Structure formats: C-alpha cells, structure tokens
Amino acid sequence: MTRNVWALTQRELQATFFSPIAYIVAAVFLVATGYLFMGYTLKPGEEASVRVLLQNMAWMLIFAVPLLTMRSLSEEYATGTIETLMTAPVTDVEVVVGKFVGALVFFAALLLATLVYVLLLSWYGAADMSVVAWGYIGMLLLGALYVSVGIFASALTRYQLLAALVGAGLLGVFTLFVDALAEIQGGAWRTVLGYINILYRFEDFTKGMFDTRGLVFFLSSTAFFLFLTVKVLESRRWR
C-alpha cells in the first residue's frame, strides 16, 4: 500500500507543480498575505503578533485551497484517466490518500514560503517562538482539513470550477455561516455551533495553546471527508 500511495503522491505532485493555476493561486496568496502583513501585523501602534497573520491566512485559504485541489479528481474525470486508475492495481483508498498527500505537500511548501513574514516579525519585534510553532502546527492541521474538503468536492464533478465553488462553499458553511449563526443563537446551540466552527478550533493554536479537542476535531474531520471521497469513488466504480 505504501508503495502505491507514494507513486500516486509523486504523480499528483508532478501534476500540481506543472499546473499554472497552482502557481497563480500561490502567487496571489503570497502577495495578499504580504499586503495584509504590512498593513495589519506591522501596523504602527498595534501589537506585532504572528496571530494576526495566521488568522488572515486562514480566511484566505477558504478560497485558495479549493482552487488548488479542484483538479485533483475532476481532471481525471474530464480526461478519462480515472478509468485507468480504476483498473490499475490500486485501491480507492490509495488513490484518495495519494491525492491528499500530494496536495498537502504543495500546501506545506506554500506555508513554508510564509515563514519570511515570521523572520521580518522577529527582526522588527519580539516574535514568541512557541506561538509561532503552535500556530504553524495549527495551520498544517487546518490545511489538511481544507485539502480533504477540496478533494471531496473535486470527486463530485468533472468540472474544475464547479469543484472549486463547491469546496469553497462547504468551507464557507463551516466558517462564515456557522460563525454568523452562532452570533444569533444561544444556549446549547451556540456551544454546538462553536464546536463545529473550523476557525474557532484553529484560534487556540494561534494563541500558542495546545488543545486536544482541537487536534481531535481536525484529524477526525479530515478523515471524515477523505472517507466520503472514497465512498464517492466506490460509487463510480460500481456504476
């Protein structure tokens, strides 16, 4: 299984690194984060903290990650190469995990590029390295969940743009919509909505705090969407 997953991961990475869309999304994301970093994190008279940077990045990734993952399975459907995968000696789980790991590695490379802002923050201020470390661990967990949602959306359709819209829509529901709904609800509903709010769970990491509930939430949610993706592929296999 490991050999098949590694081969599929390499295949996905090659496709991603040769995709102009990936570079366009990465460039726009880095330029936007740079602008927000200079405008808000290094704002005169305000606290210079990596927390602000990470929170801004988390919001932008709601739209960036679905664009990065939209081609994962949609392109396979559109080009017909999904039939080759279906008849190859690999399982649906291996296909999904390979796609996931490949996309996550590209996301990690994109995240690595943002460390230049941390270096600038350390130069101009006193960056708390424990907050930076936990914040970026949280960002990796957040990215893994976003990637799993994006791949699930890509498994639903052969149209890449539609996959991106569905992925961003799903992430929007579990961030923007849930947050807005929690504001007008009270009691137990507010607690439940707060628990399933992705960015609420991510917030503790940006404070330099480790919460096992947040870790369980991100890992279980990522596994859940990958499971759904496998089921979508299985349904196509039996059509």
Relative contact order in percent for the stretch 2-237 (Cα pairs under 8 Å, 6+ apart) equals 27
Relative contact order of the stretch 56-169 (C-alpha contacts under 8 Å, at least 6 apart) in percent is 55
By the mean-Cβ-within-10 Å protection proxy, highest first, 27-36, 135-144, 166-175 rank as 135-144, 166-175, 27-36
Of all GluC sites (Glu not before Pro) in the stretch 1-88, the ones in DSSP coil with at most 14 other Cβ atoms within 10 Å are GLU46, GLU47
Computed over the chain: longest principal axis from alpha-carbon atoms vs helix 187-196 long axis, angle to nearest 10 degrees, is 60
Yeah, the chain with a ≥ b ≥ c from its alpha-carbon gyration tensor (a/c under 1.5 is rounded, else prolate when a/b outruns b/c, oblate otherwise) is prolate
If the chain between ALA133 and THR212 were fully extended at 0.36 nm per residue, the gain over the current Cα-Cα distance would be 26.8 nm
Summed over the other residues with a beta carbon less than 13 angstrom from that of ILE21, with K and R at +1 and D and E at -1, the charge totals 0
Measuring from the longest principal axis of the C-alpha atoms of the chain, the long axis of helix 20-36 (C-alpha) lies at a number of degrees, nearest 10, equal to 10
The chain, Gaussian network, Cα under 10 Å: of SER221, SER148, SER19, the residue fluctuating most is SER19
Nearest 10, in degrees from 0 to 90: the angle of helix 92-113 to the longest Cα principal axis of the chain is 30
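Values quoted throughout were computed directly from the atomic coordinates according to the rules given, and no laboratory measurement underlies them. In this text, all values refer to a predicted model and were calculated from it rather than measured experimentally. FYI the Cβ positions are ideal-geometry reconstructions off the backbone, even for glycines, and counts take in every protein chain you see.
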